[in-house]
Amino acid sequence: MVVPTKFLVLSDTHNFEYDAAEKYPLCQEMPKVDVVLHCGDLTQVGGTSAYKKALKMLGKLDAELKLVIAGNHDISLDGEYWRTHLEDDDEPEEHDEAVGIMTGTLAQAANVTYLVEGLYVFTLQSGASFKIFVSPYQPECGDWAFGYKRDEDRWSIPSSADIVMTHGPQQGILDFAHDQHLGCRKLREVIEVTRPLMHCFGHIHEGYGAEVKKWDDEVRKEGDGMCQVAFSQAGTDLECQQASIVKGKSTLMVNAAIMNESNKPENAPWLVELPLNDMR
């Protein structure tokens, strides 16, 4: 038995603040969902006040579960980066303070669960259960946090993952900017093996969008492991799209960067409905 489960997916909110006078999609009333997924870049350059602002923003979203990772701009959440990039006016303890904010009472009040890299299992009140692998890392792009060498073979994603949430995209999927594909080739190779139901990310503002990636040409008949997913842009009047997903045969790819290439929050969060297994 499967349970239709609604996800609100967003990324790269970069110190976003609600303003009722603005007509940006995220300023509109967001639907109630089961799960919120934030794919990183909560802030512009970290900072305790910026993390508090991000939690305030996330607190306005109505969901049973809110899962959040960091991005390359959330510099003080990366302990190794923070220790090796301290400047004269930086405080060594700011990393611990940042993590404390994202895991402390303010986060609890906003119903936010901050995740570091790894595989997690969650079961909702509906009985729907899912495994999600998350990671804030992406290939080095300037001197920012959570970076690694482009040729580094660092990815190990369990094939049991239903959802993969990374800050950066894989190469060739919703990652085109500055006349090139900026995603990670090594991540693409692992996703091609893992083949989750959904891979969501952000980082490349110009790559905003959603599409279904079919992994091979084998034709499946209705009912043969096939499930229907729906995805739409929350806060807009655009029509909902429907697609068929087969675990191991196709994956819904979502670049959920709210900021566009001009750093304006003109992109809408993605509302995705996935059928998940009922564990009751």
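The values are calculated or read from the model by the stated rules, or taken from the named source; none is laboratory data. The shown structure was predicted, so the numbers you read here are calculated from the model rather than taken from an experiment. Please note: Cβ atoms are built from the backbone with ideal geometry, for glycine as well, and neighbour counts cover all protein chains shown.
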Which of the residues that make up segment 75-86 are in contact with a strand residue (DSSP E or B) (Cβ under 9 Å, 6 or more places away or on another chain) and surrounded by 24 or more Cβ atoms within 10 Å (Cβ to Cβ)?
-> LEU77
Filtered residues of segment 147-179 (kept if surrounded by 12 or more Cβ atoms within 10 Å (Cβ to Cβ), over 18 Å from the mean Cα position of the chain (by Cα) and without any contact (Cβ under 8 Å) to a residue 24 or more places away in the chain) | TYR148
Scanning segment 91-112 residue by residue, those assigned to a loop (DSSP other than H, G, I, E, B), buried (at least 17 other Cβ atoms within 10 Å of the Cβ) and not small (Gly, Ala, Ser) turn out to be none
Restricting attention to segment 86-101, which residues are modelled with pLDDT of 90 or more and of a type in the set (Asp, Glu)?
-> ASP96, GLU97
For segment 182-212, how many residues meet the condition of being under 20 Å from ASP12 (Cα atoms) and surrounded by 19 or more Cβ atoms within 10 Å (Cβ to Cβ)?
-> 15
Qualifying residue in segment 38-61 (condition: hydroxyl-bearing (Ser, Thr, Tyr), in contact with a strand residue (DSSP E or B) (Cβ under 8 Å, 6 or more places away or on another chain) and touching a residue at least 40 places away in the same chain (Cβ under 8 Å)) | no
Number of the condition not met by HIS199 [criteria: (1) more than 18 Å from the chain's Cα centre (by Cα); (2) part of a strand (DSSP E or B)] = (1)
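Quick check: is even one residue across segment 271-279 free of Cβ contacts under 8 Å to residues at least 60 places away in the same chain and buried (at least 18 other Cβ atoms within 10 Å of the Cβ)?
The first filter runs over segment 271-279 and keeps only residues free of Cβ contacts under 8 Å to residues at least 60 places away in the same chain, leaving none.
Within segment 271-279, none of the residues are free of Cβ contacts under 8 Å to residues at least 60 places away in the same chain and buried (at least 18 other Cβ atoms within 10 Å of the Cβ).
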Subset of segment 113-131 [more than 20 Å from LYS6 (Cβ to Cβ) and not in a loop (DSSP other than H, G, I, E, B)] | TYR114, GLY118, LEU119
So is LYS32 in contact (Cβ under 8 Å) with a residue 24 or more places away in the chain, more than 16 Å from the chain's Cα centre (by Cα) and under 17 Å from ILE101 (Cβ atoms) or not?
-> no
Among GLU189, GLU152, which is the only one that is among the acidic types (Asp, Glu) and closer than 26 Å to THR84 by Cα?
-> GLU152
Which members of segment 22-74 meet the condition of being surrounded by fewer than 20 Cβ atoms within 10 Å (Cβ to Cβ), small (Gly, Ala, Ser) and under 28 Å from GLY127 (Cα atoms)?
-> GLY59
Of the residues in segment 224-235, those that are over 20 Å from the mean Cα position of the chain (by Cα) and under 28 Å from GLU29 (Cα atoms) number 1
Tell me which of these GLY40 doesn't satisfy, since it passes every other one: (1) modelled with pLDDT of 95 or more; (2) over 14 Å from the mean Cα position of the chain (by Cα).
-> (2)
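Kindly evaluate VAL134 against the criterion of being buried (at least 17 other Cβ atoms within 10 Å of the Cβ), at pLDDT 95 or above, β-branched (Val, Ile, Thr) and outside any helix (DSSP H, G or I).
When the stated conditions are applied, VAL134 passes them.
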